[in-house]
């Protein structure tokens with residue numbers, strides 16, 4: 001039985017919570033409901049107070065009228081009783097008979113006849129008693145329903161004062177009026193008991209009328225408030241709906257204008273605003289299309305003369321040993337700048353295709369560890385020449401995901417090249433982790449770091465943190481912008497963190513399956529401020545740890561050896577400057593050259609032009625598996 005009651009109470013409690021939750025949701029979302037409910041609540045308070053005041057006034061006035069008529073009737077009956085009780089003696093038997101005769105005379109002489117119902121005060125029941133405060137209660141002689149008179153009223157009247165009192169006897173309420181007879185020897189007391197049933201019925205009728213009228217009034221007020229609010233809310237809802245559809249792309253959506261009131265002015269203003277925004281959006285779309293077309297056309301058109309200049313520069317470069325020192329150095333710088341120019345054109349074409357939305361993923365399910373190791377082999381020589389090292393923190397188990405290998409490798413090359421450039425000779429750490437939904441790769445350096453606000457600016461096109469800073473890789477200023485677009489193309493994200501003096505961390509998070517989303521990245525960003533790791537000198541902090549729910553079986557740490565890789569992988573080069581193999585057609589700037597852009601742009605190395613290899617000048621062999629312009633498209637095809 002107890003369990004059944006407990007279950008029922010629990011069920012009722014849950015039902016009440018659901019109902020309250022629904023009302024709360026309606027209160028938050030419906031302006032019409034809030035206005036109607038507020039009006040109803042305030043009106044209820046006003047109606048309740050008004051009803052209480054009216055009921056109190058009516059009840060008080062009824063009792064005052066009843067009491068005045070009762071006192072008047074009592075005084076008239078008192079005169080009749082005094083005439084009947086003249087010369088009474090102390091004999092109880094004689095006294096009792098005289099009192100009974102007096103009661104009969106009072107009733108018979110009352111207005112309306114012998115039932116005492118014709119008085120202005122209504123029906124009454126007379127009572128006579130001969131007693132006093134100076135005599136014992138057992139000596140009191142009475143006639144009528146003396147037991148209905150309360151003791152307090154008896155004492156008051158016996159002391160010689162006239163008094164009234166409302167008293168309930170046997171479930172019936174009376175207005176009792178008592179008065180002493182001072183003209184008789186024993187000073188008997190007269191009490192008239194007036195029933196208040198009629199007045200109670202009147203008060204109940206008034207109360208019911210007030211309650212019913214209040215309920216009807218509240219209902220009418222609620223309906224009126226709802227209708228009035230609806231007239232205001234409906235246009236606002238139409239405006240909100242139109243604004244929502246406008247935001248979804250229906251730029252032709254407008255509001256209908258009816259009348260000249262404030263809501264009509266709102267509709268007119270909205271339509272004017274929507275028309276202005278639509279015009280600006282179309283202008284921006286046209287400008288964007290013109291800009292993309294201009295960028296694409298210029299990039300394509302520049303490739304033809306650039307090819308001619310490249311051929312001439314390669315001839316000069318091949319014969320540089322026959323030139324004087326100054327002219328030989330000029331030939332080398334010319335080739336380096338042509339490499340950067342080609343990389344810039346390639347990135348401009350890539351970013352224009354991303355802006356146009358024509359790029360598509362070539363995703364395949366592969367082990368992400370192999371991509372990291374492949375990029376490591378390409379970049380670790382650059383790290384060694386910079387006095388830094390690259391440490392890999394990879395799980396021993398395979399980490400598969402649906403990714404576009406070419407784009408992910410390009411992102412990692414950009415991040416690692418940036419990290420090496422800004423590492424200040426300290427280690428660069430790469431960490432991989434995964435959960436059921438996503439794969440995350442974090443690249444952490446402990447160099448100069450990022451100032452406040454620069455974590456968002458680093459992904460802007462052609463943005464540079466410090467124009468005076470030298471770089472080891474010739475960047476174009478578009479690397480991180482392209483990387484972020486590649487991440488978005490996967491349905492993932494690329495975010496940055498950094499603090500001055502603590503280094504920076506770039507985290508790439510990709511869904512494990514194309515078309516699906518993720519809620520939490522398997523890797524977190526460093527805290528703010530980070531802690532200083534034991535194995536790194538300076539105010540730096542290790543890469544953010546993998547959450548406890550991500551299984552990482554083992555760690556392989558690889559440090560690049562001192563030295564460099566050449567484009568052909570032989571370990572030596574005819575160039576006088578160190579070269580790191582990143583991607584065919586990209587260049588590494590001379591040691592005393594300009595630093596380029598510090599936004600994480602794609603590191604570039606020159607194509608192989610060694611005289612000893614017998615290659616034709618201008619050969620575009622892709623030693624990294626990323627042909628031509630870095631997007632998998634042959635250079636001649638892009639030229640078309």
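Is at least one residue of the stretch 240-248 in a loop (DSSP other than H, G, I, E, B) and modelled with pLDDT of 85 or more?
Yes, that holds for at least one residue.
Residue check, residue 475 against (1) in contact with a strand residue (DSSP E or B) (Cβ under 6 Å, 6 or more places away or on another chain); (2) at pLDDT below 85; (3) buried (at least 24 other Cβ atoms within 10 Å of the Cβ), all met but one. Which one?
(1)
Are any residues in the stretch 343-379 in contact with a strand residue (DSSP E or B) (Cβ under 8 Å, 6 or more places away or on another chain) and at pLDDT 85 or above, and if so, which ones?
363, 364, 365, 366, 367, 368, 369, 371, 372, 373, 376, 379
Looking at 227, 251, 196, 234 in this structure, which one is crowded, with 18+ Cβ neighbours inside 10 Å and at pLDDT below 90?
Going through 227, 251, 196, 234 in turn, the sole match is 196.
Can you list the helices (runs of 4 or more DSSP H) found entirely within the stretch 352-468 that contain at least 2 residues being in contact (Cβ under 8 Å) with a residue 24 or more places away in the chain and more than 25 Å from residue 489 (Cβ to Cβ)?
Fully inside the stretch 352-468 and qualifying: 368-385, 405-421.
Could you list, in sequence order, all residues of the stretch 372-406 that are farther than 22 Å from residue 504 by Cα and either in contact with a helix residue (DSSP H, G or I) (Cβ under 8 Å, 6 or more places away or on another chain) or outside the structural domain of residue 482 (by TED's automatic domain parsing) (or both)?
374, 395, 398, 399, 400, 401, 403, 404, 405
Report whether or not residue 353 is buried (at least 21 other Cβ atoms within 10 Å of the Cβ) and out of contact with any helix residue (DSSP H, G or I) (no Cβ under 7 Å at 6 or more places or on another chain).
no
Among residues belonging to the stretch 159-181 that are at pLDDT below 85 and touching a helix residue (DSSP H, G or I) at 6+ places or on another chain (Cβ under 9 Å), point out the one that is surrounded by the most Cβ atoms within 10 Å (Cβ to Cβ).
Selected residue: 181.
Checking the conditions here, which among 19, 105, 73, 83 is part of a helix (DSSP H, G or I), farther than 30 Å from residue 193 by Cβ and at pLDDT below 90?
Unique residue meeting the criteria: 19.
The values are calculated or read from the model by the stated rules, or taken from the named source; none is laboratory data. Note that the structure is a prediction, hence the values are computed from the model and not measured. Note that each Cβ is placed from the backbone with ideal geometry, even for glycine, and that neighbours are counted across all protein chains shown.
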